[in-house]
């Protein structure tokens with residue numbers, strides 16, 4: 001479950017405006033990509049992979065959510081929770097699905113990439129081709 005208290009022109013906004021200009025932030029796109037799970041049936045998932053460690057704490061470096069919508073279509077969201085690539089090789093993390101399609105949400109620069117009024121589409125979802 002995710003909640004956001006305010007959506008426009010606030011800290012961690014989903015939408016920013018400046019007079020007649022408007023842009024969607026990376027936070028907006030996170031909610032956008034998860035909307036396929038709304039009103040869907042949760043499917044059990046299991047994911048094994050590396051952990052991300054910071055000081056004395058460790059969390060899974062990846063997370064997965066899966067659901068089936070009312071038409072029977074299965075949606076899977078696979079997310080890395082760190083800017084650092086936590087695996088050593090492509091064999092450490094693999095996902096495949098026949099006859100499926102995917103979107104990816106990966107900023108062009110992983111260090112605090114964001115959208116601006118000059119570059120409102122700097123960070124946005126794109127089709128994923130498996131690479």
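A few points about this structure:
- Here the simple spin-label model places points 7 Å from the Cα toward Cβ, and for residue 1 and residue 47 these points are separated by 2.1 nm.
- Judged by the gyration tensor of its Cα atoms, with axes a ≥ b ≥ c, segment 1-83 is oblate; a/c meets the 1.5 cut and b/c is at least as large as a/b.
- Our analysis of segment 17-60 gives Rg over Rh at 1.19, with the two radii drawn from alpha carbon positions and Rh computed by the Kirkwood formula.
Laboratory data are not the source of any read-out in this text; all were calculated from the coordinates shown. This one's a predicted model, so the numbers in the text were calculated from it and none came from an experiment. Cβ atoms come from the backbone with ideal geometry, glycine included; neighbour counts cover every protein chain shown.
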